[in-house]
Structures are given as C-alpha cells and as structure tokens.
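Visitor: So that we are looking at the same thing, I have put the structure below in structure tokens.
Every read-out reported here was derived from the displayed coordinates using simple, explicitly stated rules and does not represent laboratory data. In this text, all values refer to a predicted model and were calculated from it rather than measured experimentally. Cβ atoms come from the backbone with ideal geometry, glycine included; neighbour counts cover every protein chain shown.
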Ligand SMILES: Cc1cc2nc3c(=O)[nH]c(=O)nc-3n(C[C@H](O)[C@H](O)[C@H](O)COP(=O)(O)OP(=O)(O)OC[C@H]3O[C@@H](n4cnc5c(N)ncnc54)[C@H](O)[C@@H]3O)c2cc1C
C-alpha cells in the first residue's frame, strides 16, 4: 500500500530534524495526521492505481489526457474539502508540481541535464511509492529591494553550491518560505524566478529529507490553539506552519540533484507548463474556499435576520460572483487543456494567468465582507465550555439565540467558524498566504501581460482603423 495512513505519516516525522520555534529546538513533532487518513476515507476520488499493484494519491498522476485532468480534478477537489481550502500546502501541491516536471523530459533533459532528469523521474516515482509529504522553497530572500535580486547584499544570501564531493554537492544560503516545513518529509528546491546566466552556482534544484544535517527550520509563531473543534474549527487543526530555511552547508546526494549549476535548464523549466499544471490544484482549492465562504456568509445573515437587506444581498452576490468566476475560469482552462509536449497534458494557462494576481484581492475582500456582515456577532460567541455550564447555558439559550429560533449553540458555532476563517491569528495568516503564496500580485499582473503579448497577436486597433478608413465619413449637419 503506497498511500500512507495518518499513523504511518506520524511515525515518519520522528527523526533528527532541526526545527526552531520561540528560540527552542523542538524535540518531538506530533501533529494530527487526519489528512493522510482522509485519502483512504475518500479513496474513490483520492487514490489511483500505481501500476505496481498498489495505490497512490491522485496528485502523483502524470496527466496524459484531458480525462486524466478530470480524474485529478475530482481527487484534488476532495482533498481541498478536507480543510475547505484553508490549507494551502497539503502535500498534493508539490506532488502535482513534480508529476508535471517528470512528464516533461524535453525540458529537463536539455543543456546536458540528462542525469538531472533521470534523478527527477526516479524521485517522482519515490514520492508516489512512499507517499512522501514535501515542502518547497523556491523564493530567494532579498535584504534590500533597492538592489537587484542577485546582486550585492542580496546575492550574499542566495542559495548556492559551495562545494562538491564524489557523491554529493554542498549548498549554502537561505530560502523563503517553507509552508508545512516542520511537518514535511522532504524539502524540495526548484526553479521559480529567472536567475542571471552569469551565476551558474545558484541554478539549483534538488530535494533533501527534513532531517538532513545543516538544514535549519525557523518557524514563525504558532497560531494553532489547544481548544475544541467547536471553538476554533481551523486553528485547532490547521496551522500548517511557515518556516524560514537556512541551508548551513547542507550535503545533497547527487542522486537527489535535478539541476546542478545549469542556468539554461533552470530558466526554461518554469516557463512551459508549470502554471497550467500547478494552478489546477491552487484554483480548485480557491474555489472550494470561496464556495464555503459564500455559504458561511449566507448562513450568517439568515441567523441575524438580515437576508432581506439590499446592502447585505449585494455583498452576498459579490461573494458568489468571485466563486462563479473562479469556477468558470477553471472550467475553461481544463476544457482548453492540451499536450504541452512529451504527451503530457496541462490546462490552458491563460485563465490562470488572469486569476493568479486577481484571486488574492478577492480573498482579502471575502474576509472583509465576512467581517462587515458579522459585526459584533463575530465576538459574542460563547465557547463550547460555556454551554456546558448549567447556570450559564439557559441564559445563553435565551440571550444569544438566532433569528427563527436558531439555537444559541448553533449561532455561536457559525460565528466562531467565520471568526476563525477571517479574523483569528490563523485567519490573518491565511489571508497573508492568499496574498503572496504564488508571488505578489504586481509581479503576477506583469507576468499576465507578458504572457498575453507572447501568446497572441493584437491587431484589433489597426484593423479598426483600416475598416474605418475604408468607410465613408459620416457627415453631421
Ligand atoms: C504565508 C506564506 C506562505 C508562503 N509559502 C511559501 C512556500 O511554501 N514556498 C515558497 O517557496 N514560498 C512561499 N511563500 C513566499 C512567497 O512566495 C513570497 O512571499 C512571495 O513571492 C512574495 O515575495 P516578496 O515579498 O519578495 O515579493 P515581491 O514581489 O518583491 O513583493 C514585495 C512587495 O512589493 C510589492 N511589489 C512587487 N512588485 C511591485 C511592483 N512592480 N510595483 C509595485 N509594488 C510591487 C508587492 O505588492 C509587495 O508588497 C509564502 C509566503 C507567505 C506570505
């Protein structure tokens, strides 16, 4: 059985990784691992035949047809429903990326990188066979934005190859930001933004186990709370953590190196297909979350008897529109999927290029609307323990019930869910995630424009002028 259970995943986390939080090295990482059990509960959608007599997660599928993309859609949607889209970096995210890479030999094999490609394919098979959970760091930290990313003080931080032995390369530097870092089995590094040709030692792609000596995992503050699921439905279970990663002379075995100081490969692989591949996963997650938010908001206004107010219905319509536009863009991207070469199919990238910078703004607005609709109700929320108190419970039932006799407990649970979604410490972190997880919106609008210029001729203006010149002028008298 290649698809792991929660217990098997937890057993894999007990190693010698250097995870730091609040200035302390964490000795034993324990976490809930329900996510791995979820794939077994929903095996019809989440698991596929691995071709070796077992099963593997659907995110490891290398799509060879439009039907494969549909199979993957069903699985990714079911996975996203586990956290109603509040978990950005469930392991399917990196799995999808590596399945896409492994399906593109014509990209990875170029410029003398045959060995890197061979290693990559073997690693992708290992991810599927061992059901590995991966985090990734693809962004170079910049100290001074006045200086180009790979010059001066900024270049000093760049992850680079500093040495080589017969069987390994030694790397040093830092990367942002490993979501899921402390809970992952492996850390993957692969190309994101283009790098200068004259700095080949930073053109790296590889994967190492999280327990590799020299890997320092610096966690942000923990926003998870040891409270009931009723009180904090997200914070009690879904703090996926984010960590700054320092590679302090980390030894990477050569069979885990996919790009070794090769800027040609590094700068090419992200340009063909990555967006059409990975954004099927990210947009499915976003859609699940937007639909959840719309339903949550609708229930909130019913409980407060505000469903008939026009300014309220406008906001609900706005929320629904974001979900529906996302669904439509996803459907178009999937319907227009094609073979990107090597017999590997990804979605059409155009709708994704448009969504990538636009969705962050919608996600922030969703939270704004939830707060606007929720008002003080987001804080007048008795806890589960309050309802167990025999003196307090009848008072809560009387004073904190909802419209149409909705019980106080149900009302409280609803607004607690909304607060944890949009307003708690974890909710705030998820909002920041939405803004930046695929790089900043200004950067992505620029990319959208560049892609639009690359992929199509734009002649409507001269054609209009030509047609106008051929028409007789209207004489207004
Ligand atoms: C919660 C969270 C989780 C993350 N998880 C991961 C992960 O798992 N793996 C990973 O590799 N990375 C991850 N990231 C990192 C993410 O990829 C980077 O934070 C993101 O790329 C932004 O980096 P930056 O600040 O350098 O962006 P920049 O693009 O430099 O933007 C910085 C600021 O400048 C503004 N800006 C940028 N360009 C322009 C412009 N042309 N004009 C005007 N303003 C501009 C932006 O709006 C922003 O305010 C995560 C980030 C967050 C917040």
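Visitor: What share of the DSSP beta bridges in the chain is antiparallel, in percent to the nearest 5?
Guide: For the chain, the DSSP antiparallel bridge percentage is about 80.
Visitor: Zone of residue 454 (label point 7 Å along Cα→Cβ, backbone N under 11 Å): which residues in segment 193-221?
Guide: 194
Visitor: From the helices alone, meaning DSSP H stretches of at least four residues, give me the mean residue ellipticity at 222 nm for the chain, per-run term -39500 (n - 2.57), in deg cm²/dmol to the nearest 500.
Guide: Calculated from helices alone, the mean residue ellipticity at 222 nm is -15000 deg cm²/dmol.
Visitor: Using 1/(1 + (r/R0)^6) with R0 = 56 angstrom and r between the beta carbons of residue 475 and residue 52, what's the FRET efficiency to the nearest 0.05?
Guide: Computed FRET efficiency for residue 475 and residue 52 comes out at 0.10.
Visitor: Using the 10 angstrom Cβ neighbour count as an exposure proxy, how do 66, 256 rank, fewest first?
Guide: 66, 256
Visitor: Another question, then. Report the extension gain between residue 445 and residue 228 in nm, rounded to one decimal, defined as 0.36 nm multiplied by the number of residues separating them, less their alpha carbon distance.
Guide: So the extension gain works out to 74.0 nm.
Visitor: Moving to a separate point now. With 20 Å bins from zero, work out the P(r) of the chain over every alpha carbon pair and list the percent per bin.
Guide: 22, 52, 22, 4, 0
Visitor: Using a Förster distance of 35 angstrom, determine the FRET efficiency expected from the C-beta separation of residue 165 and residue 139, and round it to 0.05.
Guide: Approximately 0.80, to the nearest 0.05.
Visitor: Can you give the Rg and Dmax of segment 265-399 based on its C-alpha atoms, in angstrom?
Guide: Cα-based Rg and Dmax for segment 265-399 come out at 21.0, 69 Å.
Visitor: For segment 6-269, restrict the atom set to alpha-carbon positions and state the Rg and Dmax in Å.
Guide: Using the Cα atoms of segment 6-269, the pair Rg, Dmax is 18.7, 56 Å.
Visitor: Grab every C-alpha pair in segment 96-161, bin the distances at 5 angstrom width from 0 up to the longest one, and report whole percents.
Guide: Taking every Cα pair in segment 96-161, the percentages come to 3, 15, 17, 14, 15, 15, 13, 7, 1, 0.
Visitor: What is the calculated FRET efficiency for residue 197 to residue 5, with r their C-beta to C-beta distance and R₀ = 35 Å, to the nearest 0.05?
Guide: So the FRET efficiency works out to roughly 0.15.
Visitor: Taking every pair of Cα atoms in segment 413-462, average 1/r, invert it to obtain the Kirkwood radius, and report Rg/Rh to two decimals.
Guide: Over the Cα atoms of segment 413-462, Rg/Rh equals 1.35.
Visitor: Which value, in Å³ per residue, describes the convex hull spanned by the Cα atoms of segment 83-131?
Guide: Taking only Cα atoms, segment 83-131 has a hull volume of 73 Å³ per residue.
Visitor: How large, in Å, is segment 29-108 by the Kirkwood hydrodynamic radius built from its alpha-carbon pairs?
Guide: Over segment 29-108, the inverse of the mean reciprocal pair distance is 13.3 Å.
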